[in-house]
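Beneath this line is the structure, given in structure tokens, with notes to follow.
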Amino acid sequence: KNEVEQSPQNLTAQEGEFITINCSYSVGISALHWLQQHPGGGIVSLFMLSSGKKKHGRLIATINIQEKHSSLHITASHPRDSAVYICAVNLGAQKLVFGQGTRLTINP
Amino acid sequence: DTGVSQNPRHKITKRGQNVTFRCDPISEHNRLYWYRQTLGQGPEFLTYFQNEAQLEKSRLLSDRFSAERPKGSFSTLEIQRTEQGDSAMYLCASSLGRTPNTGELFFGEGSRLTVL
């Protein structure tokens with residue numbers, strides 16, 4: 001079993017829909033990251049959180065430490081949100097363990 | 001541009017050749033990470049530097065792989081005697097970390113290696 005599991009692996013939705021991507025992990029962590037990767041490889045950090053909830057524009061990330069679960073929400077989704085979204089957990093300062101990613105496609 | 005810079009962006013080589021990738025982190029960042037990503041998979045940790053010290057290496061980093069960060073600035077990742085299984089995207093990230101986690105990570109665009 002992977003230490004970090006994301007669901008769904010693929011998600012297709014219509015523009016304007018509310019999107020939720022889930023991440024579950026099986027070990028104690030010091031922080032959790034949500035990352036966005038566009039075709040071509042570049043990765044952008046969206047959030048780093050260790051408790052509660054963070055919001056940036058149309059993106060919201062939540063984490064429940066007791067349940068070892070985090071969600072990334074996108075409100076009013078847009079085709080430019082189409083990308084791979086990756087959850088990664090910090091096991092101390094050094095090690096970051098990544099999920100396999102969720103490929104999101106938003107159709108106009 | 002003051003982001004993380006990687007070069008070359010693409011490298012095609014024949015099996016058995018040596019390749020070297022370079023990463024220039026954001027200048028004040030003390031932590032530097034190398035990851036490898038194969039098609040359809042999430043990145044995998046390779047190694048981590050705090051300033052010039054290489055503090056952790058993944059068991060994925062066989063003896064054909066070596067990474068350095070002289071003077072705690074840029075870093076190089078060298079692969080000797082490349083094999084087809086080394087074909088992947090090699091990602092570098094840096095952070096200003098003083099906490100028991102990586103800190104917010106800033107990634108480069110990656111160096112894609114194809115071994116023929």
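Checking each residue in the stretch B:93-105 for being within 7 Å of chain A (Cβ to nearest Cβ) and either modelled with pLDDT of 85 or more or out of contact with any Leu (no Cβ under 6 Å at 6 or more places or on another chain) (or both) picks out B:Gly97, B:Pro100, B:Asn101, B:Glu104, B:Leu105. Of the residues making up the stretch B:52-61, those that are away from every other protein chain (no Cβ under 11 Å) and surrounded by 14 or more Cβ atoms within 10 Å (Cβ to Cβ) are B:Glu52, B:Leu61. Residues in the stretch A:33-91 that are among the hydrophobic types (A, V, I, L, M, F, W, C) and assigned to a loop (DSSP other than H, G, I, E, B): 2 in all. Residues that are surrounded by 14 or more Cβ atoms within 10 Å (Cβ to Cβ), aliphatic (A, V, I, L, M), within 20 Å of B:Thr102 (Cα to Cα) and modelled with pLDDT under 95 do occur in the stretch A:47-64, at least one of them. The residue that is nearest to A:Gln9 (Cα to Cα), counting only those in the stretch A:73-106 that are away from chain B (no Cβ under 11 Å), surrounded by 16 or more Cβ atoms within 10 Å (Cβ to Cβ) and not hydroxyl-bearing (Ser, Thr, Tyr), is A:Leu104. Are any of the residues in the stretch A:34-41 among the small types (Gly, Ala, Ser) and surrounded by 15 or more Cβ atoms within 10 Å (Cβ to Cβ)? Yes, the stretch A:34-41 has at least one match. When you scan the stretch B:79-88, do you find a residue that is under 20 Å from A:Leu96 (Cα atoms) and surrounded by 17 or more Cβ atoms within 10 Å (Cβ to Cβ), even just one? Looking for residues that are under 20 Å from A:Leu96 (Cα atoms) and surrounded by 17 or more Cβ atoms within 10 Å (Cβ to Cβ), one finds at least one in the stretch B:79-88, hence yes. Residues that are more than 12 Å from B:Leu32 (Cβ to Cβ) and within 14 Å of chain A (Cβ to nearest Cβ) are absent from the stretch B:65-86. Considering the stretch B:35-51 alone, what residues qualify as being closer than 24 Å to A:Glu5 by Cβ and within 10 Å of chain A (Cβ to nearest Cβ)? Once the filter is applied, which keeps residues that are closer than 24 Å to A:Glu5 by Cβ and within 10 Å of chain A (Cβ to nearest Cβ), the stretch B:35-51 yields B:Tyr35, B:Gln37, B:Gly40, B:Gln41, B:Gly42, B:Pro43, B:Glu44, B:Phe45, B:Tyr48. Of all residues in the stretch B:16-45, those satisfying the criterion of being closer than 19 Å to B:Gln84 by Cα and in contact with a Ser or Thr (Cβ under 6 Å, 6 or more places away or on another chain) are B:Gln17, B:Val19, B:Thr20, B:Phe21.
Among the strands (runs of 3 or more DSSP E) confined to the stretch B:1-108, the ones with at least 2 residues that are small (Gly, Ala, Ser) and touching a residue at least 60 places away in the same chain (Cβ under 8 Å) are located at B:88-95.
The values are calculated or read from the model by the stated rules, or taken from the named source; none is laboratory data. Quick caveat, the model's predicted, so the values are computed rather than measured. Methodologically, a virtual Cβ is constructed for each residue, glycine included, from the backbone with ideal geometry; neighbour enumeration extends over all protein chains shown.
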